[in-house]
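Report on the following structure.
The values are calculated or read from the model by the stated rules, or taken from the named source; none is laboratory data. Please read these numbers as outputs of a predicted model, since none were measured by experiment. Backbone-built Cβ (ideal geometry, glycine too); neighbour counts: all protein chains shown.
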Amino acid sequence: MDSSDAVPLLELRGVSRHYGPVAALSEVDFTCRAGEIHAVLGENGAGKSTLMKLIAGVVQPTPGEIFIEARATRLATPAAAQSHGIVCMFQELSLAPDLSVRDNLLLGARSTGLGLFSYRKLGHARALLDRIGGESIRLTMRVRDLTLPDRQLVEIVKALYRSPRLLILDEATSALNASVVERVFDLLRELRDEGLGVLFISHRFHEVDALADRISVFRNGRLVETFDNGAYDYGDIIRLMIGQPLTALFPPKASVGDRTLGVPTGPPLLSVHDLSWEGGLHQVNLDVRAGSITGIGGLDGQGQTILLHALFGVLRRVHGEVRLDGHPIRLSGPRSAKAPAVGLALVPEDRKTEGLIPALSIRDNVTLALLGREAGRGDGSEADIAALASELELVCASFDQPVGSLSGGNQQKVALMKWLALKPRVLLLADPTRGIDVKTKAQIYTLLRRLATNGIGIVLLTTDQEELVHLCDEVHVFYGGRVVQRLAGESLTSENVIAASLNVAA
Amino acid sequence: MSNAWSDRLLGNPRELFAAVFLAMALALYLGTHPSGASTYVLTIWANQATLLALVAMAQFFAVLVRGLDLSVGAIMALCNVVASHLVSGSALELAFGSATVLLVGLACGIVNGVIIVYGRLQPIVATLATAAIYGGIALWVRPTPGGIIDYDLADRMTLDVAGVPVALIIIAGIVLLFWLPLKRTGFGLSLYATGSSEQAAWQSGTPVAAVRIGAFALAGLFAGLAGTYVGFVTTTGDAGIGPNFTLNSIAAIVLGGVALRGGVGSLIGAIIGAFILKTISALMFFSGLPPLAQPFVEGLILALAIAIGGADVLRLRNRLEAFER
């Protein structure tokens with residue numbers, strides 16, 4: 001459908017967005033057309049989310065102009081954007097957890113306002129939900145009680161319910177399996193043919209390939225290029241995204257042990273037998289060996305985080321067995337997990353709320369996990385902290401600086417320092433490179449490889465496909481709380497990881 | 001079996017438990033009272049309980065949007081003393097006076113809301129300050145208890161109609177004519193959404209600032225209603241009645257299953273919680289326990305009720321979830 005002569009639905013000219021000295025976006029000229037699906041690709045920190053937030057009215061350009069159908073417009077609030085027909089499905093879901101599904105659907109719907117509403121208008125929503133695979137979602141269920149995939153379906157229906165002219169999807173299908181994704185895509189294509197404009201962010205190339213008409217690549221806050229789908233191949237696109245060939249990012253893999261198996265042989269450091277937990281783990285078996293990086297992959301919310309929590313002692317009534325060096329361990333919480341006799345460490349997913357205390361200084365954060373341990377061998381001393389900081393190449397003014405004032409990459413380094421100060425035997429990491437710039441990522445990859453080589457067991461949960469394929473020695477792909485596929489050596493390829501993640505028979 | 005009915009019924013287990021607890025307590029009270037379940041006994045009980053219920057309703061709206069209103073007692077006292085000046089005379093004067101009293105309550109609530117939203121202050125801090133201000137104004141309006149509230153009107157509001165205490169009719173009226181329709185409006189929905197997740201509500205296009213101010217305005221209005229009603233019960237104006245009611249209003253809503261973090265609970269729960277408090281109090285009074293021991297036993301029973309209501313924390317299978325409560 002060639003609409004290149006028509007007035008674009010949305011246009012950004014010279015748009016920048018600064019947060020203090022940091023430029024999340026610089027001088028971006030960007031257009032969206034009606035009846036077109038436009039994908040936005042870019043590394044973490046490239047500016048994609050900021051772009052979406054600008055268009056959805058969550059933040060303002062500093063400076064820059066936004067044109068809707070060639071008229072200059074100010075989108076001061078999400079409500080203002082919605083009045084222009086711009087509807088956004090955010091990565092942090094915009095559902096109120098204590099409200100029911102139907103109450104959430106009504107919230108902010110065009111017709112709702114502040115006056116009386118009627119539930120009869122929801123007939124349309126029920127049909128939409130059923131169409132994209134949400135038959136089992138009752139409208140009276142509270143969102144808090146829904147699984148992540150179901151929440152995403154509700155969020156999609158909520159967005160469509162507002163009769164958008166431009167629909168923005170920010171990682172909208174990150175937890176959905178293949179058949180559901182296909183149904184959502186069918187719906188999107190149909191709406192596109194009826195004139196809807198779609199703008200979407202995704203990390204998944206196969207999704208972008210299947211759905212997009214045009215693709216824009218962002219890097220370091222700038223729009224690198226916009227091109228039609230098919231103009232470039234995968235390798236070219238990666239180079240546009242990170243500015244260098246992909247292989248330069250990752251250190252070489254473990255070279256010890258059996259090459260075809262891909263992992264060192266010998267007794268496992270940590271082994272998990274038939275681990276089950278009522279809330280989402282079923283008979284999980286895996287081994288972690290010193291010297292290798294064990295990856296945990298799969299779509300969002302398939303049990304990976306639950307596994308890490310179970311290993312770290314956060315969960316109660318876990319069935320099955322966990323052995324460290326052959327000895328079974330029973331944990332009552334993080335305190336017993338980090339004890340010197342056990343030596344587990346968990347770097348959690350959300351560094352701002354789970355991994356660090358932003359108001360406290362670097363020094364206080366780094367020594368936090370050491371509190372209560374017998375002080376010895378200079379643990380937590382100034383020299384120790386300085387040594388860790390130089391090993392991780394931390395960039396900061398001083399150790400008294402509050403952690404909240406550091407960049408995302410440096411914050412993550414502090415989170416790592418905190419746990420490395422305990423000299424753990426097994427390091428569990430939940431998406432450590434999320435939202436971090438490319439350079440810091442490379443440093444963290446090198447660090448992880450070095451730690452593995454020095455004999456520490458590394459369990460890496462990640463949603464970044466490239467990390468699974470190029471950094472990990474073996475990968476366990478999760479689906480529905482089970483390990484559906486173990487990939488290592490030659491079987492560890494992108495296609496196999498994707499297929500296993502989406503629960504498609506390889 | 002999970003279905004739409006079980007979703008609705010089990011949506012707030014603490015509220016359900018409170019309702020059952022109230023039924024049991026009331027049965028015990030009426031069963032052990034020396035005069036039995038007579039209209040007279042019921043009316044006295046209903047008046048006291050309704051009074052607290054009105055303040056609890058005020059607190060409910062503030063807490064629903066993740067706030068806390070420490071000035072509900074003070075607004076109540078202020079409205080009470082204003083009523084002691086205005087609510088007397090001809091029918092027109094009565095109507096005008098009552099309306100003015102409610103407007104005073106509403107105005108106090110709006111002031112609270114504006115200070116909190118635009119002053120970006122923590123509700124607990126802002127209302128602590130406004131409580132002192134409203135209490136001060138109340139003292140200035142009526143330094144010592146006195147004044148007059150029309151006796152006939154007071155009687156009609158605090159006796160019974162065909163054996164049913166008027167107080168209960170008032171409560172029923174509020175629930176049926178105000179609360180149930182409110183839940184079906186976008187505004188009602190916005191109150192819950194703003195309390196449950198202000199960010200999600202804002203991203204959905206809800207005018208969260210206006211909604212929060214509206215919530216505190218409603219709190220002021222209901223505090224005004226409570227101040228008017230206490231006038232009907234005592235037929236006098238007293239500037240010092242505030243503090244007790246403020247604290248009890250918080251206890252009442254917690255008992256009734258309203259979450260202090262916002263977004264969870266209902267007006268009916270607030271009413272149930274208030275009724276539980278007053279029923280236990282009345283039970284103590286007639287139980288024959290020594291007077292000095294009564295508050296202690298009352299406190300124990302309440303602690304037990306709250307502990308049982310919150311016992312689901314023991315069932316948590318993920319220790320991190322305990323930090324979200």
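Of the residues A:Ile201, A:Ile215, A:Ile238, only one is crowded, with 16+ Cβ neighbours inside 10 Å, in contact with a Pro (Cβ under 8 Å, 6 or more places away or on another chain) and not assigned by TED's automatic domain parsing to the domain that holds A:Arg449; which?
After applying the criteria, what remains is A:Ile238.
Could you please tell me which pairs satisfy a Cβ distance under 9 Å, a separation of 6+ or placement on different chains, a first residue in the stretch A:400-428 that is free of Cβ contacts under 8 Å to residues at least 12 places away in the same chain, and a second residue that is surrounded by fewer than 19 Cβ atoms within 10 Å (Cβ to Cβ) and among the hydrophobic types (A, V, I, L, M, F, W, C)?
A:Ser405/A:Cys396; A:Ser405/A:Ala397
Of all residues in the stretch A:282-304, which are in contact with an Asp or Glu (Cβ under 7 Å, 6 or more places away or on another chain) and of a type in the set (S, T, N, Q)?
The answer is A:Gln283, A:Asn285, A:Ser292, A:Thr294.
Of the numbered conditions (1) farther than 25 Å from A:Leu211 by Cα; (2) away from chain B (no Cβ under 12 Å); (3) assigned to a loop (DSSP other than H, G, I, E, B), A:Ser26 fails exactly one; give the number of that condition.
Among (1) farther than 25 Å from A:Leu211 by Cα; (2) away from chain B (no Cβ under 12 Å); (3) assigned to a loop (DSSP other than H, G, I, E, B), A:Ser26 violates only (3).
Run down B:Ala210, B:Ala217 and say which single residue is without any contact (Cβ under 8 Å) to a residue 60 or more places away in the chain, within 17 Å of B:Val65 (Cα to Cα) and within 14 Å of chain A (Cβ to nearest Cβ).
Result: B:Ala210 is the single residue among B:Ala210, B:Ala217 that is without any contact (Cβ under 8 Å) to a residue 60 or more places away in the chain, within 17 Å of B:Val65 (Cα to Cα) and within 14 Å of chain A (Cβ to nearest Cβ).
Being in a helix (DSSP H, G or I) and either at pLDDT 90 or above or over 22 Å from B:Thr158 (Cα atoms) (or both), is that true of even one residue in the stretch B:258-268?
Yes, the stretch B:258-268 contains at least one residue that is in a helix (DSSP H, G or I) and either at pLDDT 90 or above or over 22 Å from B:Thr158 (Cα atoms) (or both).
Test A:Leu41 against the criterion of being assigned to a strand (DSSP E or B), within 26 Å of A:Glu11 (Cβ to Cβ) and either more than 14 Å from chain B (Cβ to nearest Cβ) or β-branched (Val, Ile, Thr) (or both), and give yes or no.
yes
For A:Val143, all conditions in the list (1) within 11 Å of chain B (Cβ to nearest Cβ); (2) modelled with pLDDT under 90; (3) buried (at least 20 other Cβ atoms within 10 Å of the Cβ); (4) under 27 Å from A:Leu281 (Cα atoms) hold save one; what is the number of the exception?
(2)
Here is a list of conditions, (1) away from chain A (no Cβ under 14 Å); (2) surrounded by fewer than 24 Cβ atoms within 10 Å (Cβ to Cβ); (3) under 18 Å from the mean Cα position of the chain (by Cα), and B:Tyr229 meets all of them except one; can you say which number that is?
It fails just one condition, (2).
Only one of B:Ala83, B:Ala56, B:Ala46 is out of contact with any Leu (no Cβ under 9 Å at 6 or more places or on another chain) and part of a helix (DSSP H, G or I); which?
Just one listed residue meets the conditions, B:Ala83.
If only one of A:Asp350, A:Asp325 is modelled with pLDDT under 90 and either within 20 Å of B:Asn318 (Cβ to Cβ) or buried (at least 22 other Cβ atoms within 10 Å of the Cβ) (or both), which one is it?
A:Asp350
Check every one of the helices (runs of 4 or more DSSP H) wholly within the stretch B:150-222 and list those with 1 or more residues that are more than 22 Å from B:Gly265 (Cα to Cα).
B:151-158, B:166-173, B:198-203
Given (1) assigned to a helix (DSSP H, G or I); (2) away from every other protein chain (no Cβ under 14 Å); (3) hydrophobic (A, V, I, L, M, F, W, C), where does B:Leu289 come up short, assuming only one miss?
Evaluating B:Leu289 over (1) assigned to a helix (DSSP H, G or I); (2) away from every other protein chain (no Cβ under 14 Å); (3) hydrophobic (A, V, I, L, M, F, W, C) leaves (1) as the failure.
Failed condition for B:Val117, given (1) within 26 Å of B:Ala215 (Cα to Cα); (2) in contact with a Phe, Trp or Tyr (Cβ under 8 Å, 6 or more places away or on another chain), with all others met?
The one condition B:Val117 does not meet is (2).
Here are B:Tyr134, B:Tyr151: which of them is farther than 26 Å from B:Ala210 by Cβ and either more than 14 Å from chain A (Cβ to nearest Cβ) or among the hydrophobic types (A, V, I, L, M, F, W, C) (or both)?
After ruling out the rest, the residue left standing is B:Tyr151.
Please go through the stretch A:105-129 and pick out each residue that is at pLDDT 80 or above, surrounded by fewer than 20 Cβ atoms within 10 Å (Cβ to Cβ) and within 20 Å of A:Leu93 (Cα to Cα).
A:Arg126, A:Leu128
Can you say whether A:Thr77 is surrounded by fewer than 23 Cβ atoms within 10 Å (Cβ to Cβ), within 14 Å of chain B (Cβ to nearest Cβ) and farther than 26 Å from A:Asp213 by Cβ, as far as the supplied structure shows?
When the stated conditions are applied, A:Thr77 passes them.
Condition (residue is crowded, with 19+ Cβ neighbours inside 10 Å, hydrophobic (A, V, I, L, M, F, W, C) and facing chain A (nearest Cβ under 8 Å)) applied to the stretch B:172-190: is it met by at least one residue?
For the stretch B:172-190, residues crowded, with 19+ Cβ neighbours inside 10 Å, hydrophobic (A, V, I, L, M, F, W, C) and facing chain A (nearest Cβ under 8 Å): present.
Taking B:Gly309 and the conditions (1) within 14 Å of chain A (Cβ to nearest Cβ); (2) more than 13 Å from the chain's Cα centre (by Cα), which numbered condition does it fall short on, given that it satisfies the others?
Every condition holds for B:Gly309 apart from (1).
How many residues are assigned to a loop (DSSP other than H, G, I, E, B) and within 8 Å of chain B (Cβ to nearest Cβ) if we restrict to the stretch A:80-102?
9
B:Leu277 versus (1) part of a helix (DSSP H, G or I); (2) surrounded by fewer than 20 Cβ atoms within 10 Å (Cβ to Cβ): which is the lone unmet condition?
(2)
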